[in-house]
């Protein structure tokens, strides 16, 4: 009880009295049923009064250019994958989290957890239907406020198809083929969804962010298919009811989104702004437009730090909000409703920050923080882990030029900005691709607001996390280090895997022991109050950041102190030293998570086979007897796993050195097979040269 009171006291200090009072009032509205009176269940026809009956008052709004087959003849990507995926959609297969195709039927049952069903089917035996459907049938007729958010069910497996991300694929396929089966499928799916999800009823009304993303996809299809014979006046008229009801749901509960201080505020504000802008025939359009724009401006200032980093400390969520802002910026421009210069500046700063992290050859970035598999604009054939489409689109919208040479990552830009770019396609790759190297040359690589720092070596670089949290943390990962060599992420972040898994997989990869740092007494660096809420936020402090050296510390293990030093030794060799000190014995565990390359283990070192070379990872300590262990994909713990896509995990190699004593100095060397490390007390020699003492 005392520990819970302390945790809540910490939460009060960190989030403030206003947040606390709102959450208490919101809980009261839920428990008393007041929220059900404010947003009652009903029929679509109940929202007819929200649509103006005065045709003279309707104003035509501009949308992004309609892309035709002739336009695609100039493209630098292959449109056939979109056609193939669209045909799979019509055949009853949907792609989940931009990676795995799942058999759902056409139309799908909008309340079924097909991911779990698919996993059981693959094992050759089926559990009872109640376990397969994961509470779907019981919740379909409830008011959304009566359905619990937190249960053993991963609600994201139900929500994923309800985001309608597959609409972007249907649009891309239609542009390439002009086959009317794709717009007809669009209308069939929307009408089926509306039939089985009446207003404020069931799990697909629980979250305003999910509704906003659905409206974004629906609207994109609505305008791109507007000239199709399938888009009849009757269907368009009914579509307005669907838009009105969902926008009203967002509007009446926007206060909850604001209280999350997260991307939910941005996505729901965008949903209101977009509906208000594109559907002026709605009676509340001006109200939606005004509130949405005010919140989008406000949250860009609140959530994007001055150095361009993002307040949720998550790479995937950073891409999420940038996609929304870029979409809004250009949609506002084509409707002569621009945003402020300060918003443009925040987005531009964010893009410049991300340009420091990207591998331009693959588009990959260090996957730190929460990753729920969201991809707001799936308008290309690139992998989920490829961030070039985002940066190419953002660079053009904010700077009027491209960051990368032409390629498949251009397709987002083509859909949003149109074929006016064709003149730029003629420019040489050399002209276009100088931007990235020039940007890196004039900007530093220290991002203190977001707690991200970079060090460079010959053909390798290290990314480090250390921050004094000023907003809600995502992962407990102070002093975590990622290491990249020759474009390969060798020392890796574990990712996320599942938010609502069972047992250890209940957002288990957010915790300290799976990160590349030191854990004390098996504890996290902060207190995990719920799946997503940390209290007692740890405070990190950078002590030194020079060209070849970085040093920082954090206070997450009071009274134990932890200081980490990272050195770039040249020739792609690295040394990491961890100093931990206390007045009494503690259990210290240093962990490194390595990508799953072929390896050999020899005592306290691992040799990884990488591109024909043997790369050495060796760990030790200045004094004491430690226990070294290596684990790959432990079936009984979160150790030795990584997740690059939501709901999917793969093996990784975890090496660990553990010791019980009051003080310890760990050292870790990253180098090559023939490098010789000599450790005598506090003196460490590498190839006969003293590097630490």
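Read the figures in this text as sums done on the coordinates, not as results from a lab. Just so you know, these numbers come straight off a predicted model, no measurement behind them. Quick reminder, even Gly has a Cβ in these numbers, built from the backbone with ideal geometry, and neighbours come from all protein chains shown.
Taking Cα centroids, how far is the range 602-658 from the range 191-212 in Å?
Answer, in whole Å: 44.
Within a 10 angstrom radius of the beta carbon, how do 18, 506 rank from fewest other beta carbons to most?
Values: 18 9, 506 17.
Ascending Cβ contact count within 10 Å gives the list 18, 506.
Any idea what angle helix 315-334 forms with the longest principal axis of the chain, computed on alpha-carbon atoms, 0 to 90 degrees, nearest 10?
Result, in degrees: 40.
For the range 313-349 and the range 57-98, what is the separation of their C-alpha centers, rounded to whole Å?
Taking the Cα centre of the range 57-98 as reference, the centre of the range 313-349 is 22 Å away.
Along each of its three principal axes, how wide is the spread of alpha-carbon positions in the range 492-532, in whole angstrom units, largest first?
26, 25, 15
What angle, in degrees between 0 and 90 and rounded to the nearest 10, separates the Cα long axis of helix 166-177 from the longest principal axis of the Cα atoms of the chain?
70 degrees
Order of 386, 192, 150 from fewest to most other C-beta atoms within 10 Å? Don't skip to the end; give the middle numbers.
Working: 386 18, 192 15, 150 12.
Listed from fewest to most nearby Cβ atoms, that is 150, 192, 386.
Suppose we take every Cα in the range 444-692 and form the convex hull; what volume per residue is that in Å³?
Spelled out: Cα convex hull of the range 444-692, divided by residues, is 127 Å³.
Stick to Cα atoms and the Kirkwood definition of Rh, then tell me Rg/Rh for the range 578-693. Please list the in-between numbers first.
On the way: Rg = 15.6 Å, Rh = 15.5 Å.
Rg/Rh: 1.01.
Give me the angle, in degrees from 0 to 90, between the Cα long axis of helix 2-32 and the longest principal axis of the Cα atoms of the chain, rounded to the nearest 10.
On a 0 to 90 degree scale, this one is about 10.
State the Cα centre-to-centre distance between the range 235-288 and the range 153-178 in whole Å.
Cα centroid of the range 235-288 versus Cα centroid of the range 153-178: 20 Å apart.
What 222 nm value per residue comes from the helices of the chain, counting each DSSP H run with n ≥ 4 as -39,500 (n - 2.57) and dividing by all residues, nearest 500 deg cm²/dmol?
Numbers: 22 runs with 256 residues, N = 693.
The per-residue figure over the chain is -11500 deg cm²/dmol.
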